[in-house]
């Protein structure tokens, strides 16, 4: 008999599916309470309830298959380590549709659990979804059931990944995953370098190279986390609209830096296929005072863009020569001049992505940092700069960016936490370290943990 209890990583494939089972169970029980409490509930609700039940049963079987394949790989199979580049749309999209049902029913839950008949009758008129929406959810679940059914026949872990990712060519997809990290570890250098050119680029990035922070946050990211944003319509709109601006805030520990790594990765992937798309990023950290200086942030961004376009490099080289006009050792660049240089360099691209994380960690300079980056993002001479800033929601930063940036609060998005908590609870239960006799208590524990985490 195979047991997952000692091997299941909460966000491995089997762990993710097990967490999805718990979420499906929660949605099934909540929907069942509605059907039981409200007489003559819409017919579509009964169909939806049955679809959720069948999907949950299928997911449970799929989690066992995934667990077995993780423990006993097929002979000769090379199992790739979990990668933040490998997304499993079935898990993401299934969680999204289950969350849609749960969120809708949460608004009606208190009333249809009320002993008051009048309250239940009143809520009968407020089933949170129209007939069209309900049927759309049913059809989505049916499609996901078909995909999960195909995945049940997988005879290898790699094949299972392919089924969950909706890919047909297994070897090609796995090969892409294995090489993705090396291809986009950092800004791709697209200009020819010699010693003097390298000296120019190194001068502007010498005090604060963000690469190590990017690699660290990229490696900290679990494969399925952050997809609530990078797969969202808001992100896609931001990504394809030059000049768009977002400010993402969250409390300490909410995963802002890891999310920044995911955003940067998506932008670098676009730049790898287009010479007209540039990307530059920076991580401000309280541990390194050099990363908190506006001059160093702008210098680093300029050095990164100069590596990606010959015209952009020429602009930066011209400024470098100005800085050492009367001295062998170049003078320090000024933030105001760097803003002007970056605006000129951005004009060499159709679109430039600027991602800066940790503005709040600049301590005394947080206000100046936010003001400077707002100036860069909103300058009128060039509308190609697409900006993402990440920080805590502090008054100095909010006052600088709230009028010009679309605000996204991480705390309002619990998808990653919900999947992790559900997966971890399933692991504890399977290891007999958590014993729950009342199944409704399990739902309550999961809901309270997710809500109490406040995005952390």
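Residue check: is residue 235 modelled with pLDDT of 85 or more, within 28 Å of residue 375 (Cβ to Cβ) and crowded, with 21+ Cβ neighbours inside 10 Å?
No.
Note down all Cβ pairs under 7 Å where the first residue falls in the range 393-422 and is farther than 13 Å from residue 99 by Cα, the second is modelled with pLDDT of 75 or more and part of a loop (DSSP other than H, G, I, E, B), and they're at least six residues apart or on different chains.
Correct list of pairs: 409/250; 410/250; 410/255; 411/250; 411/251.
For the range 315-333, indicate whether the set of residues that are over 13 Å from residue 204 (Cα atoms), assigned to a loop (DSSP other than H, G, I, E, B), under 25 Å from the mean Cα position of the chain (by Cα) and free of Cβ contacts under 8 Å to residues at least 12 places away in the same chain is non-empty.
no
For every residue, the table says whether it meets (1) at pLDDT 80 or above; (2) in a loop (DSSP other than H, G, I, E, B); (3) touching a strand residue (DSSP E or B) at 6+ places or on another chain (Cβ under 7 Å).
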| residue | (1), (2), (3) |
| --- | --- |
| 26 | yes, no, no |
| 29 | yes, no, no |
| 41 | no, yes, no |
| 49 | yes, no, no |
| 53 | yes, no, no |
| 62 | yes, no, no |
| 69 | no, no, no |
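Which of the residues that make up the range 120-143 are surrounded by 16 or more Cβ atoms within 10 Å (Cβ to Cβ), at pLDDT below 85 and in a helix (DSSP H, G or I)?
120, 123, 124
Filter the range 273-291 down to the residues that are within 25 Å of the chain's Cα centre (by Cα) and within 15 Å of residue 359 (Cβ to Cβ) and list them by number.
281, 282, 283, 284, 285, 286, 291
What single numbered condition from (1) in contact with a helix residue (DSSP H, G or I) (Cβ under 7 Å, 6 or more places away or on another chain); (2) within 19 Å of residue 296 (Cβ to Cβ) fails to hold for residue 377?
(1)
Just wondering, is there one or more residues in the range 255-270 that are more than 28 Å from residue 95 (Cα to Cα) and in a helix (DSSP H, G or I)?
no
Identify all residues within the range 277-288 that are out of contact with any helix residue (DSSP H, G or I) (no Cβ under 7 Å at 6 or more places or on another chain) and loosely packed, with under 14 Cβ neighbours inside 10 Å; write none if there are none.
Result: 287, single match.
With the structure loaded, tell me whether residue 354 is touching a helix residue (DSSP H, G or I) at 6+ places or on another chain (Cβ under 8 Å) and either without any contact (Cβ under 8 Å) to a residue 40 or more places away in the chain or in a helix (DSSP H, G or I) (or both) or whether it fails that test.
Spelling it out, it is not the case that residue 354 is touching a helix residue (DSSP H, G or I) at 6+ places or on another chain (Cβ under 8 Å) and either without any contact (Cβ under 8 Å) to a residue 40 or more places away in the chain or in a helix (DSSP H, G or I) (or both).
Would you point out which residue out of 12, 37, 22 is modelled with pLDDT of 80 or more and surrounded by 17 or more Cβ atoms within 10 Å (Cβ to Cβ)?
Unique residue meeting the criteria: 22.
Mind listing just one residue for me: the one in the range 403-429 that is over 19 Å from residue 443 (Cα atoms) and modelled with pLDDT of 75 or more and, of those, surrounded by the fewest Cβ atoms within 10 Å (Cβ to Cβ)?
The extreme case among them is 403.
The values are calculated or read from the model by the stated rules, or taken from the named source; none is laboratory data. Fair warning: this is a prediction, and the values are worked out from it, not measured in the lab. As a convention, Cβ positions derive from the backbone with ideal geometry for all residues, glycine included, and neighbour counts pool all protein chains shown.
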